[in-house]
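**Q** Below is one structure. I have some questions about it.
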Amino acid sequence: MPSEVARIAGHVIPLELQLDTAKTAATCEGFIRDYFEAAGHATGIIGLSGGIDSALVAHLLVNALGRDRVRGVFMPSDTSAPSSLEDARLVARQLEIATEEISIAVPLQAVVAGLPDGQAITRVRRGNIAARLRMITLWDRSAVHQGLVVGTGNRTETMIGYWTMHGDGAWAINPIGGLYKSQVRQLAAHLGVAEQVIAKAPSADLWPGQTDEGEGGFDYPTLDQVLYRLVDLRRTPQAIVAEGFDAATVARIVELHTRSAFKRAERPIAQIAQPLPRT
């Protein structure tokens, strides 16, 4: 198994996933500028969660568009950790961008209460509803501010389906969707994201104490290394295990990747020949 070659804020960065951070930043920022120019929209709308992904995207947006064209939205729920909102505010202060705070607690409670089995709803279902309400909120703010909703999901989460359809996956543009989590950490450090944001355990903050790695049963450095081999290098699970990775871990990652393929696929539409023949 490849050995670690660096640590960023306590996190392991695998050798094969190290970036040319300056070049990567320039690529992401150019992508943002080109897209906004072509789309004719002025403002980047981003949900600031207090996590590293949204913090990195906020930095990229400011570098690409200027702080006056970026608006952050805080969307706490009744179960959000207070530290998440504090870290989100820290990012906004550091970048000096305009912000709004819009709680989703009341609409979330209303949706759950309106469900026939709302009293027995699972944490995952409630979390998915919260993610979708946040995206509804972001798209509404984009209409108010003539903007586009900018995504914050990374490649690791996309490859295992760790995102909500029509929730955090419903962005107009995503500048970090090609970066594994280990690479997000590298680029965040390069661009000056606050160390306390980089160092914290990744969490979707969908219920108290929830962390990505705890819920998923994986650590990001291993997950990134296996996905890189499986998806980018197209190695078989057997070949990956032969390199020294745990067989059960590889099997679980393969299962997550395979089971979530429908989420990454283009939405299927039945193809009807036109014009339709008369009968």
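What follows is calculated from the coordinates using simple rules that are stated; it is not laboratory data. This is a predicted model, so every value here is computed, not measured. No Cβ is skipped: glycine too gets one built from the backbone with ideal geometry, and neighbour counts run over all protein chains shown.
**Q** With +1 on each Lys and Arg Cβ and -1 on each Asp and Glu Cβ, how big is the dipole of the chain about its Cα centre, in debye rounded to the nearest 20?
**A** Computed about the Cα centre, the dipole is about 700 debye.
**Q** Let me ask another. Counting only residues 5 or more places away or on other chains, whose amide H sits under 5 Å from the amide H of ALA6 once H atoms are built in the peptide plane?
**A** Answer set, sorted by chain and number: ILE13.
**Q** Rounded to the nearest 500, what is the 222 nm mean residue ellipticity of the chain from helices alone, with -39500 (n - 2.57) per DSSP H run of 4+ residues and division by all residues?
**A** About -14500 deg cm²/dmol.
**Q** Over segment 68-150, what is the relative contact order in percent, taking alpha-carbon pairs closer than 8 angstrom and at least six residues apart?
**A** 29
**Q** Ranked highest first by average number of other Cβ atoms within 10 Å, how do 54-62, 130-138 line up?
**A** Top of the packing list down: 54-62, 130-138.
**Q** I've got another one for you. Once the Cβ-Cβ distance between GLU213 and GLU16 is put in as r, and R0 is 30 Å, what FRET efficiency do you end up with, to the nearest 0.05?
**A** Efficiency for this residue pair is about 0.90.
**Q** Could you run the Karplus curve 6.51 cos²θ - 1.76 cosθ + 1.60 with θ = phi - 60° over segment 155-160 and give me ³J(HN,Hα) per residue in whole Hz, x for Gly and Pro?
**A** 5, 4, 5, 4, 6, 10
**Q** A further question on this structure: Using mean Cβ contacts within 10 Å as the protection proxy, how do 102-109, 220-227, 260-267 order, highest first?
**A** So the order, starting with the most tightly packed, is 220-227, 102-109, 260-267.
**Q** Can you classify the chain as rounded, prolate or oblate using the Cα gyration tensor, where a ≥ b ≥ c are the square roots of its eigenvalues, rounded means a/c under 1.5, and otherwise it's prolate if a/b beats b/c and oblate if not? Before the final figure, lay out each step's value.
**A** Values: a/c = 1.27, a/b = 1.10, b/c = 1.15.
In terms of gyration-tensor shape, rounded.
**Q** 7 Å from Cα along Cα→Cβ at both ILE272 and GLN94: what's the point-to-point distance in nm?
**A** 5.2
**Q** Full extension from ALA39 to ARG67: what is 0.36 nm times the residue separation minus their Cα-Cα distance, to one decimal in nm?
**A** Between ALA39 and ARG67, full extension yields an extra 8.2 nm.
**Q** Can you find, among ILE129, VAL150, ALA188, the residue farthest towards the positive end of the dipole of segment 127-259? Put +1 on the C-beta of Lys and Arg, -1 on that of Asp and Glu.
**A** Of the candidates, VAL150 comes out farthest on the positive side.
**Q** With the crude spin-label approximation of a point 7 Å out along Cα→Cβ, what separation in nm comes out for ALA9 versus ARG234?
**A** Distance between the two pseudo-spin positions: 3.6 nm.
**Q** On to the next question. Which GluC sites (Glu not before Pro) does segment 87-142 hold that lie in a coil by DSSP with at most 15 other beta carbons within 10 Å?
**A** GLU96
**Q** Still on this structure, please answer the following. What are the DSSP H helices in the chain that stretch 24 Å or more along their long axis, judged by alpha-carbon atoms, and whose average Kyte-Doolittle hydropathy comes to at least -0.5?
**A** 21-39, 123-144
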